[in-house]
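Nothing in this text is a laboratory measurement; each read-out follows from the coordinates by a stated rule. Predicted, not measured: the structure shown is a model, and the values here were computed from it. Reconstructed Cβ throughout: ideal geometry from the backbone, glycine too, with neighbour counts over all protein chains shown.
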Amino acid sequence: MRASAMLEHDIQYAAILAFDVKIERESQEMADSLGVRIFSAEIIYHLFDAFTKYREDYKKAKQEEFKNIAVFPAKVKVLPQFIFNSRDPIVMGVTIEAGVLRQGTPLCVPAKGFVDIGIVTSIEMNHKSVESAKKGQEVCIKIEPIPGEAPKMFGRHFEATDMLVTKITRESIDALKNWFRDEMTKGDWQLIMELKKTFEII
């Protein structure tokens, strides 16, 4: 029952590590009813490995659950000489000014009233598809309209002089903190702080 108190705080710690002790049937039944995991082993290293694997699997499941909510921070500058398609989808060359740009990231333009221009559906570097691009790299990206919204157009809704940024929210920041902290650098967190001011996120 004491372990079940963790269900309100962090479910992965609602667990009991039983080293070289017998688990009574009533205890196991109570744990099952409360949602508490019992790990049992006669060798301490096996107990440690079992709990470590459980936490890793739990984290991977949460990352999958929150992958569409967690938005990694990035600032992107348009390369005007590389505009291949201006609308639906927008295909153009860009430089990553800060952070990391990943596939699936929503982009908006703060200088144009925070207009949402779409979602990055592909990134190419040297004609090869990549999952992400980091600061200083020049890549070609495809931006598709947000479902249910009218397609935005380069030259009408934004210009080459406008900085594009990933659209972060309070929910996306919380998801990064909780489940993707290992993938964030100090520079990424500094960019999050900058973008929080831009988007006026408390």
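Observations, loosely collected:
- Counting every alpha-carbon pair across the chain, the share separated by more than 24 Å comes to 52%.
- Value of relative contact order over region 25-165, rounded to a whole percent, pairs C-alpha under 8 Å and six or more apart: 24
- Calculated FRET value between ASP116 and GLU65, using beta carbons and R₀ = 22 Å, to 0.05: 0.40
- Charges were assigned to the Cβ only: +1 to each Lys and Arg, -1 to each Asp and Glu. The resulting dipole of the chain about its Cα centre is roughly 720 debye.
- Only helices enter the 222 nm calculation for the chain: every DSSP H run of n ≥ 4 contributes -39,500 (n - 2.57), and dividing by all residues gives -9000 deg cm²/dmol, rounded to 500.
- Relative contact order of region 104-202: 27 percent, from C-alpha pairs under 8 Å at least 6 residues apart in sequence.
- 18 Å Cα-Cα threshold exceeded, pairs from LYS77/LYS167; LYS112/LYS152; LYS142/LYS197; LYS112/LYS167; LYS60/LYS167; LYS77/LYS112: LYS142/LYS197; LYS60/LYS167
- Fraction of antiparallel bridges per DSSP, the chain only, in percent to nearest 5: 85
- Protection-proxy order for peptides 106-112, 129-135, each taking the mean of Cβ atoms within 10 Å per residue, highest first: 106-112, 129-135
- Separation between Cα centres of region 145-164 and region 31-62, rounded to whole Å: 47
- Crossing angle, helix 25-34 versus the chain [Cα axis fit, 0-90 degrees, rounded to tens]: 30
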